[in-house]
Structures are given as structure tokens and as C-alpha cells.
Amino acid sequence: MAAVAVMVARRVARSGILFPYSSPQLWGRAALQPPVLLPTQRRTFSNNKILVELDTSSGVATMKFKSPPVNSLSLDFLTEFCISLEKLENDRACRALIITSAIPRIFSSGLDIMEMFGKSTEHYAEFWRAVQEMWLRLYGSSMVTVAAINGSSPAGGCLIALSCDYRIMVENPKYVIGLNEAQLGIVAPFWFKDTFVNTVGHRVAERSLQLGLLHPVTEAHQIGLVDEVVPEEKLQEKAAAVVAQWLALPDHARQLTKSMMRKAVLDHMLAHREEDIQNFVKFISKDSIQKSLSMYMEMLKKKKS
Amino acid sequence: MAAVAVMVARRVARSGILFPYSSPQLWGRAALQPPVLLPTQRRTFSNNKILVELDTSSGVATMKFKSPPVNSLSLDFLTEFCISLEKLENDRACRALIITSAIPRIFSSGLDIMEMFGKSTEHYAEFWRAVQEMWLRLYGSSMVTVAAINGSSPAGGCLIALSCDYRIMVENPKYVIGLNEAQLGIVAPFWFKDTFVNTVGHRVAERSLQLGLLHPVTEAHQIGLVDEVVPEEKLQEKAAAVVAQWLALPDHARQLTKSMMRKAVLDHMLAHREEDIQNFVKFISKDSIQKSLSMYMEMLKKKKS
Amino acid sequence: MAAVAVMVARRVARSGILFPYSSPQLWGRAALQPPVLLPTQRRTFSNNKILVELDTSSGVATMKFKSPPVNSLSLDFLTEFCISLEKLENDRACRALIITSAIPRIFSSGLDIMEMFGKSTEHYAEFWRAVQEMWLRLYGSSMVTVAAINGSSPAGGCLIALSCDYRIMVENPKYVIGLNEAQLGIVAPFWFKDTFVNTVGHRVAERSLQLGLLHPVTEAHQIGLVDEVVPEEKLQEKAAAVVAQWLALPDHARQLTKSMMRKAVLDHMLAHREEDIQNFVKFISKDSIQKSLSMYMEMLKKKKS
């Protein structure tokens, strides 16, 4: 019955309504230019960290993290990630995004600890602004976003998944997902927490965050941290099917609805963005935290050798 | 143990504490007069759209929607609905309300599309105020309210169910319920969303609203959109049993508790009521939306013939 | 991997970050003095109402309610409870608290009705401030808190359990738990409600509070009101295991995370604390409520004789 209405509504131009959030300091003007439309069916762009393929016939882009060894979120990675998101967001041929990993057994290991150790306060501030920017763009994306989680996804990796519209995870007893910051002696920022609470509810979040839990796939599914669990070989097919279901809706109505659901949490972060950066810089600069990170990295080095 | 306290507390006059919300513009003074108390056991009043029977011995009223073909919520229907609600609210003999449908297979099809097409902005504003008024009265009712959902209940029909204290739905694989506005290219207003989130939680609401899902009965039960599922022939009996359970509580304590739970969402809407009307009028007056509705109605006409 | 970080972080002094909440009016200066550190392995302190044992090697305190017949929360009980909480909070040797009952079949029966009947408004105000203080200290505790619920736990007893980090209840079909205030013709205050909603979600809380439900153990587990159900003989062992799991985390990170999760609800109460006292005093002083409580107590007396 709604088919006609749907077709009409799709003609309404995608307006990027969810994005008053870009940060010129970080990305510069150049990246804001609309891409030149090419007459190809499949468009690919890549950088050191991420591969993006856009199927212009279906409007679905696939983004593959390819930063060995564990897709950690360095400042470079985050910058490339945000530039890729912005390109797709501004590309009228793109309506949906599937995010997955090209590295076996890991989706993303989260924030790169090297960016938080032995650097200047200016560097810490720049790094944290990039983490914020990534979340603002992804949680507030006007595209349909699906996380195809083909490996473990702790901390910042979990945040990426949480920021999508739908989460599908591979059925593998070795894979875990969660916001485990407390395990490292640090604290997830309030907007990680808000995103988590919006997904799994207050009580589950309260316990999981305090214990810094990394949930095995089945448990993650039970608590609603992931929406679906599939065998590895079915992941891409399932992600495509989910995207198709979401794309059957008129973009404009779906985008306005998404904005209505997420606006409060996005606005709350924006209202405290600079304060949040200052808090991070102050916290991470503490001798006790730096010493803790130092010992942690020493341990990692020994483990490798 | 609490029986005595209960009996005493029941003597406290029903004070209609939840209702600073009546809208004189719509209903006029006459409707605000308290009804004359009659010595009858069963009182009936009816209009073109709705039949109301009040059993004065039990204090339970049953309201039956009887507006063919699909109990759509026209301005006339909403006006009669609100007048009926107000009568019962002000009637000291009435403590509970069961809402059901006299039309087979449909509870209510939601807002009448004819009220939103080709009319003046004044008409749109009047219509939207009536939709708001209905929700304010029902979600904020001091009566025990039970939805006995004996048919499909999309969009505004679902809102009526969500605004009650308890939802019982008939076990029929053909019946569906949900806020499917996005399917039609429109967006559920924020107070539909708030009512939905209060019932099923943020994550379920986020997905269901973006996809405009109409949930089959079993699924609706699983996500907490309905509280109970029963065979058609057991519906009235079950509704009566649920009402009896809720009426066993002292009215005053139950009403204050209900108000405490719902006040934030009711107040938020009241604080943005005029703005919400203006937003609706502006949105619905758009050429693109009017064209979309026109094509939708053309399609419905062809389907009928 | 996080083991080293954990060890380092534990050295960070416990700072009692969650407590800007003490109320000098109630507790006086004396109680605020830090306790003298003794070289014992096990420290015990006790009063008429509560027994506390602190194992200084593990950092775990066990608090046993021992106020016959039903551990009701009188002004004296609440005062002793708060003083005990404060002692432990300020004791650097204490990191966790298990709360349980020394009375068979009852955890705590909730607020003492005698404190709410036939007293002066000054007394009502003092009593209510003590109830608030107890919740502020427990819900905002920087210790790991586990409720080992070995008996029924209505109303204020349920609030104590809800204010802990984790709830384990004994598997006994006769034990019930819930906020049943509405059954007595009274209304749970907004901060009872907020604590309940944070645990079981809005919809479950809405129904449970309006019906004043006392949930049997199995049902309490299903709705998330308790986290785990165990046979009576396994209760202490389970509580110890849970505490150990929570203590494996760095105190500082866990405490900051807990504060982040609970701060909004704690702050909201503090901002309305005096108003809440006035509301309680006004409500409980009403003739209708006093008459209701009088009849309730008459009934209890008859039942006993």
C-alpha cells in the first residue's frame, strides 16, 4: 500500500539533515567540496587505512578497515575514517554504508594507546577531537549504517558498532565485544555511555561498564549489544539484506526519525565538547595514568617477543 | 494485610489529578459540567462514532469504536472520542475504561488521511490540536485504561493502545500493530516516540520507528508492545480481569503513581504544543507531501474498484 | 593483558568521589572523623540494629541487619545504618560491602510505620531526611555493594537492594520483593521510582509501581529486579564470588564509572531534597492518611493476638 508514497518520497533530495556537526579545524575546506559524479557503476577509493567501494546502482558503500595489526584507531586512522564518511555523506549516489574489517579476527581494537602516551597536551587534544568527530559523524549519519562485525571489537571498536543502525556479528566463540575501558583503569566518556545505554538500557550498561566486560558473541546478542549473529560465510549476504530492508523506506522520513531518536545524545555531547576534550587531556596527562599506560605497553612488548 | 488501608483510601474522592490539560478552544464549556448522577446500574451513551457503556456497579466503562470502514481518526471521531473521555473522567461512578472496536479485524487505522489533504492551514491546525488533545486525555487519564485490541492497529491506532495502562491483543496472525508512519514518508511526532520509548525502550523504538514496522501479534508481545495475547473469545473476559486487578488498588495512590511515571512526557509535549502544531501544518502543507498523499489516495481508490 | 594496568591503578588512593552528600544535621561532626587503623585481620563493630564485620585482608565488609522482628527501618535503624556506611566509606581498608539479614525469612520490611503515625511534623521531617540520607549514601557509595537478599524485601527493603551494585536473592517461593507502597495507599517518592526505572526500565516500573506488586523470586529475576537466584546455602559463597569479580577492577575507574551512571538521579534528588521532605510531611500529616495508617495498625494488632 505504501509503495507509491515511498517512491515519491525517495525523490526528495537527501539533505544531510543530521550534520551540523562537521569540524573545520580538523578536516579543512577541501574535504567539504562535493565529489565529482562519475558515470561508473562501482566507485572505489582507498587510503593506507581504509578501503571504500561504492556500488552506485544500489547506493550501498562497503568500508573495510585494513590497518594491521588490529585496526587500532590512531589519529591517522580516525582522520581517514572521517574523510571517508564525509565523502560518502556528501555523495548523492550513496544511501547506505556497511562497515567491516579486512583483518582476520579483529573488527577494531579501539583507540590507539600510542596516541595517549608521552605526547604533548596539544596532541592529546587533537586526538580526542578526532575521536569525537568520528562518533558525531557516524552516530549522526544520514546514511543507513550496518556494522558487519567479523572479529573482536573492544572499547572504541565497540563504539563504532554501537554508532551504526544495526549490528551483525560473526558466530565465533573467540570473538568478544564491549566497552572494557574500566579494565585498563580508564573511564569511557559520557557519550560512549549514552550510546551504550540507548542500545542495551541503563541496567545492563551500568554493570557492563563498571566491570569493563567483553561479551562473547552469544551473550552480546542476548543483551541486545548486537542485533543478529550469523556464520562467517553468511555475513556479507546478511548485511546486504538488512541494508535492503532499511533502504526500502523513504530516505527523508527515515532520516528525520533517526535524528529524532539520536538528537538528544548528540546535542548533549556537542554542548560539552570542549569541556570533554579538556577533561581527557587533564586525565591522560596524569603521572599515574601515564605510568599505568607505560607498564601496560611494556607488558605488550614482552608478550610479543 | 493492606486490605483495610485500601478500603479507607478508596473513600478519598477521585480528584482528576492528571488533568490540567483540557483545551477550552476545542470542547467548550458545556462539556466541562459534571454529569447528573442517575440511579441506573448501566448507563449508555453513544454518537456516530463511538458507543460507551458504563457499568455503575463495577465502575467500568467499555468504549467501542464503531466508525466504518476502519475507525479512522477523523476530526469528528477525535472530537467525539475526547468528549466521551471527558464525560467518563468527570463521572465519579467511573473508575476504569476498556477500549475496543466494534468493527471486525481493525482496532483503528490511525489518523484520517482526508484531514491532511487539500485543506486549509487552519483546518490542519485544528485537526492536529485534536490529535494532541486525544493523547493528552488518554495518556494522562486518571482512570485505569485497558486496550482490548481486536484487530490491526497501525500508526494513530497504535498510539491509542500505547496510551492505555495495559494492552491485550487478540491472537490472530493477520493482525499487526506499530507506528508505521515512516512507511508513508511521514514522521511520528516526538510525543508518539516518547510514548513508544516509555513502553518498549529506546533501542526497539529506534529500529521499529525507522523501519515503520507493523509487528505481528507474537512479535508485538515479545518486544513488550502488547502485554498479553489471548484468543478472540477470551478478550473481554481477560480485559475485565485485568481491570479488576488494577481497581483493587486505592485510586488515589495509583493515580499519583501514574502521574509520576508519565508527567515528564506529558509536560514536555505541553511545553511544545503550539510549536508542534506549527511544525505539522508546515510539513503537511508542503507540495511534495501533498503530492505524495494524492498518489497514495489514487492508489487506494484503484485498489477498491 | 590489563593485569598490570589494574595493579597500578589500584594504588591510586580511594577518594570517596561519590560523596559530596553527607548531611551534618543528622550525623554530627564526630562520625566524620577517620577511624583509627588497627592491625587486626578482622574488625567487628556492632550496635542494637546492625552487625558489621570487616575482613581487612580482602577489603570486604559484611553488614547484617539484626533488628527483630522484621528489620523495619525506624529512625534509630536508619541512623545506625548511615553511621555504619560512613565508617566503612571512610575506612581505606574497606573496598566492598555485602548487605544481608540475620533475621530468618525477612531482609527488611521497609520504613517503620510507627515513625509515620501520630508524631510531630518535626519528627516526620527528621525521619524523612534519614531515609533520604540512607539512599544517598548507599546508591552513591564508592564501595562495591552487593545485596544478599535472604528473605522478603518490600518497599524500603527493596530500595536498599535496588541501591546496591548487584542483587542475589535466595530461591524460596515464599520470598517476595517489590515497591508495594501503592497497596498501602501511599506513593513511592520520585527517587525510589528513578532507582527502580534505572534497574528494570520504564514500562516494568510503571506497571509494578501502580499495582504495588510484590514479585516472587523467579519473577523478580525475569524482570531484572534481582540479578541472580541461588539456594539459601550458596548465598554467602555467591556474594563473595561476585564481590571478587567487581574488586578485580581498578577502584578508581570503577568508581568514576559508577558515578557517571548514577549521578543524574542522585543530583536530581539533592536538588529537590527539601521540597521532597516538605511533600512527605504534608502528605503523611493528612487526616485521611493518618486514619488509614491507624486502621492498618489496628488490623496488624488483631492479627498478632
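When DSSP beta bridges are limited to those with both residues in chain B, what percentage is antiparallel, rounded to the nearest 5? All intermediate terms of the calculation are to be shown ahead of the outcome.
Values: 13 of 36 bridges.
The antiparallel proportion sits near 35 percent.
Across peptide A:282-288, the average count of Cβ atoms from other chains found within 10 Å of a residue's Cβ is 1. What separates the residue A:219 label point from its copies, with the point 7 Å along Cα to Cβ, is 3.0, 3.0 nm, written shortest first. The mean number of Cβ atoms from other chains found within 10 Å of a Cβ in peptide B:190-200 is 2, as a whole number. Figure legend: label point modelled 7 angstrom from the Cα of residue A:172 along Cα→Cβ; residues of the stretch A:232-247 with amide N under 14 Å from it are A:232-236.
Relative intensity of the stretch A:206-305 on a log10 scale, I(q)/I(0) at q = 0.11, 0.12, 0.13, 0.23 Å⁻¹, equals -0.74, -0.85, -0.96, -1.15, per a Debye sum over C-alpha point scatterers of equal strength in the absence of solvent.
So, with a 1.4 angstrom probe, what is the percent of accessible area on the stretch C:230-284 that is carbon and sulfur? Numbers along the way, then the final one.
Numbers: 1400 of 2410 Å².
For the stretch C:230-284, the apolar C and S fraction of the accessible surface comes to 58 percent.
Selection among C:260, C:83, C:72 by position relative to the dipole of chain C gives C:83 as farthest towards the positive end (Cβ unit charges, Cα centre).
Return the percentage of antiparallel bridges among DSSP beta bridges fully within the protein assembly as shown, rounded to the nearest 5 %.
Working: 39 of 108 bridges.
Around 35 percent antiparallel, to the nearest 5.
Ordered by packing density, taken as the mean number of other Cβ atoms within 10 Å over each peptide's residues, highest first, how do B:51-64, A:164-177 rank?
Numbers: B:51-64: 19.1, A:164-177: 21.1.
By packing density, highest mean first, the sequence is A:164-177, B:51-64.
Using only helices, what value at 222 nm comes out for chain B when you add -39,500 (n - 2.57) per DSSP H run of length 4 or more and divide by the total residues, to the nearest 500 deg cm²/dmol?
On the way: 12 runs with 146 residues, N = 305.
Calculated at 222 nm, the ellipticity per residue is -15000 deg cm²/dmol.
Remark: the stretch B:231-243, residue by residue, has Karplus-estimated 3J(HN,Hα) of x, 3, 5, 9, 4, 5, 4, 5, 4, 5, 5, 5, 4 Hz, where x stands for each Gly or Pro and the curve is 6.51 cos²θ - 1.76 cosθ + 1.60 at θ = phi - 60°.
Counting Cβ atoms of other protein chains within 10 Å of each Cβ in C:127-135 and taking the mean gives 0. Taking the 1.4 Å solvent-accessible surface of the stretch B:105-154 as the whole, the part contributed by carbon and sulfur is 54%.
Axis-proximal residue of chain A for the rotation onto chain C, reported as residue and distance in whole Å: A:201, 3, based on Cβ position.
Interface of B with C. Using a 1.4 Å probe and counting protein heavy atoms only, the two chains hide about 2600 Å² of accessible surface, both sides summed. Each peptide in C:200-206, A:271-277 gets a packing score, the mean of other Cβ atoms within 10 Å over its residues, and the list from highest to lowest is C:200-206, A:271-277. If a spin label sat at a point 7 angstrom from the Cα of residue A:270 along the line to its beta carbon, no backbone N atom of the stretch B:184-224 would be nearer than 15 Å. Legend: residue pairs A:49/A:87; A:49/A:258; A:258/C:258; B:66/B:174; B:119/B:291; A:64/A:87, Cα-Cα distance threshold 18 Å; pairs beyond threshold, A:49/A:258; A:258/C:258; B:66/B:174.
Annotation: amide H of residue A:177 within the under-5 Å range of A:153, A:215, sequence separation 5 or more or interchain, hydrogens built in the peptide plane. Distant-in-sequence amide contacts of residue B:249, defined by a placed amide H-H separation under 5 Å and a gap of 5 or more residues or a different chain, comprise nothing. Between residue C:228 and residues 5 or more places away or on another chain, which pairs have amide H atoms under 5 Å apart, with H built 1.01 Å from N, and which residues are they? For residue C:228, the qualifying residues are C:167, C:169. For residue B:270, the point set 7 Å out from Cα toward Cβ sits 2.9, 3.0 nm from its twins in the other copies, listed from shortest up.
The residues of the protein assembly as shown expose, per residue, 40 Å² of accessible area to a 1.4 Å probe. In order along the stretch A:101-113, the phi-based Karplus estimate (6.51 cos²θ - 1.76 cosθ + 1.60, θ = phi - 60°) of 3J(HN,Hα) comes to 10, 9, 9, x, 6, 9, 7, 7, 7, x, 4, 6, 4 Hz; Gly and Pro are listed as x. A simple rule links phi to the HN-Hα coupling: the Karplus curve 6.51 cos²θ - 1.76 cosθ + 1.60 with θ = phi - 60°, which for the stretch A:186-197 gives 10, 10, 4, x, 4, 7, 4, 4, 4, 5, 5, 4 Hz, with x for Gly and Pro.
The values are calculated or read from the model by the stated rules, or taken from the named source; none is laboratory data. Just so you know, these numbers come straight off a predicted model, no measurement behind them. Positions of Cβ are backbone-derived with ideal geometry, glycine not excepted, and every protein chain shown enters the neighbour counts. For accessibility, only protein heavy atoms count, side chains too; no ligands or nucleic acids. Shrake-Rupley method; radii C 1.70, N 1.55, O 1.52, S 1.80 Å.
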